[in-house]
Amino acid sequence: SARIRVAMLGTREERMLLIRDCSRVVAMAVLNSPKLSETEMEGFAAMKNIQEDVMRGMARNRLFMRNYAVVRALVHNARTPIDVGLGLLHHLTAPDLQQVSRNKSVSDPVRRVATKVFRNKTERGG
């Protein structure tokens with residue numbers, strides 16, 4: 001469809017609109033766009049109004065997970081599914097874990113596990 005083509009080859013502004021598209025196929029096409037920049041990835045990870053499937057797609061995408069800012073933004077995002085947030089906690093540094101454990105917008109289970117992981121990392125010394 002035309003929207004998928006635009007999602008893959010369109011401008012930054014078009015991708016920013018289409019990532020929030022109600023069609024999962026179109027939103028996922030944005031994630032696979034060859035023109036996608038790291039700045040856009042970070043922005044998408046922090047967005048509160050994108051679908052759960054898109055968040056899961058980001059977490060499964062190696063390109064996204066290589067960027068620490070994206071991982072941090074996904075964990076801090078209140079809309080990130082709990083299982084995805086929990087899986088990413090171990091990639092965070094101690095100061096970021098401490099921030100997550102104090103962030104009231106993050107779901108309760110993620111905050112609790114972040115506190116445990118933070119304690120383990122600080123006891124071990126890194």
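The values are calculated or read from the model by the stated rules, or taken from the named source; none is laboratory data. What you are looking at is a predicted structure, and each value in this text was computed from that prediction instead of being measured. Here the Cβ positions follow ideal geometry from the backbone for every residue, glycine too, while neighbour counts run over all protein chains shown.
Just for helices (runs of 4 or more DSSP H) wholly inside segment 66-126: which have at least 1 residues that are free of Cβ contacts under 8 Å to residues at least 12 places away in the same chain?
Ranges flagged: 82-88, 94-102, 108-124.
Conditions (1) in contact (Cβ under 8 Å) with a residue 60 or more places away in the chain; (2) crowded, with 19+ Cβ neighbours inside 10 Å; (3) aromatic (Phe, Trp, Tyr), marked per residue:
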residue	(1), (2), (3)
5	no, no, no
15	no, yes, no
25	no, no, no
40	no, no, no
51	no, no, no
56	no, no, no
59	no, yes, no
64	no, yes, yes
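Could you please find all residues in segment 94-112 being touching a Gly at 6+ places or on another chain (Cβ under 9 Å) and under 23 Å from residue 66 (Cβ atoms)?
Residues satisfying the conditions are 94, 100, 106, 110.
When you look at residue 46, is it in the same structural domain as residue 118 (by TED's automatic domain parsing), out of contact with any His (no Cβ under 7 Å at 6 or more places or on another chain) and under 26 Å from residue 120 (Cβ atoms), yes or no?
no
Do we find a residue being under 24 Å from residue 112 (Cα atoms) and not hydroxyl-bearing (Ser, Thr, Tyr) anywhere in segment 30-45?
yes
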